[in-house]
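So the structure is just underneath, and the comments pick up after that.
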């Protein structure tokens, strides 16, 4: 008795319509990813203009070796507004991808920097690595957002390079 299984159907290569469908799904997925990230930046960016958010981010930012220096010359609200402004600028740059791939690539790079910085808060904020810390889940979601930012940056850079190569 043989345990070998024969495959009777040969693997076929994808047709033009299959490739077109995959490209369409990828395009839709990237658009959803882009504008979801824009929404995240807008919502959190606008929130940074409130006193409640300024107070909420202070324990994270003040313990960060990358950002704590901001408090030496800006108030709590000033630091929060500066961060909020950078988030809104990032959102705007990401959103203009249909008009300018180059601007979206810059926005993507800013988004990567933002999420890399916020993920560093897990290590610089005392106790933040503990699942019991109030900011743990809030910061941990940034791993996914960092992945989205990297993907969007790569797509925008590829489009900008392709466009500039055309002349």
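The values are calculated or read from the model by the stated rules, or taken from the named source; none is laboratory data. As the structure is a computational prediction, the values presented were derived from the model and not from experiment. Cβ: placed from backbone, ideal geometry, glycine included. Neighbour counts: every protein chain shown.
Key figures
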read-out	value
Any hit, region 72-79, residues being over 24 Å from residue 34 (Cα atoms), without any contact (Cβ under 8 Å) to a residue 40 or more places away in the chain, within 19 Å of the chain's Cα centre (by Cα) and assigned to a helix (DSSP H, G or I)	no
Residues satisfying the stated conditions in region 113-167, i.e. closer than 19 Å to residue 90 by Cβ and in a loop (DSSP other than H, G, I, E, B)	141
Condition met for residue 43 (at pLDDT 95 or above and either within 18 Å of residue 146 (Cα to Cα) or surrounded by fewer than 15 Cβ atoms within 10 Å (Cβ to Cβ) (or both))	yes
Residue identified as out of contact with any strand residue (DSSP E or B) (no Cβ under 8 Å at 6 or more places or on another chain), within 25 Å of residue 164 (Cα to Cα) and not in a helix (DSSP H, G or I) among 97, 102	97
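Listed here are the residues, each with its yes/no results for (1) at pLDDT below 95; (2) under 23 Å from residue 55 (Cα atoms); (3) buried (at least 16 other Cβ atoms within 10 Å of the Cβ).
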{"position": "78", "(1), (2), (3)": "no, yes, no"}
{"position": "81", "(1), (2), (3)": "no, yes, yes"}
{"position": "90", "(1), (2), (3)": "no, yes, yes"}
{"position": "123", "(1), (2), (3)": "yes, yes, no"}
{"position": "129", "(1), (2), (3)": "yes, yes, no"}
{"position": "134", "(1), (2), (3)": "yes, yes, no"}
{"position": "137", "(1), (2), (3)": "yes, yes, no"}
{"position": "147", "(1), (2), (3)": "no, no, no"}
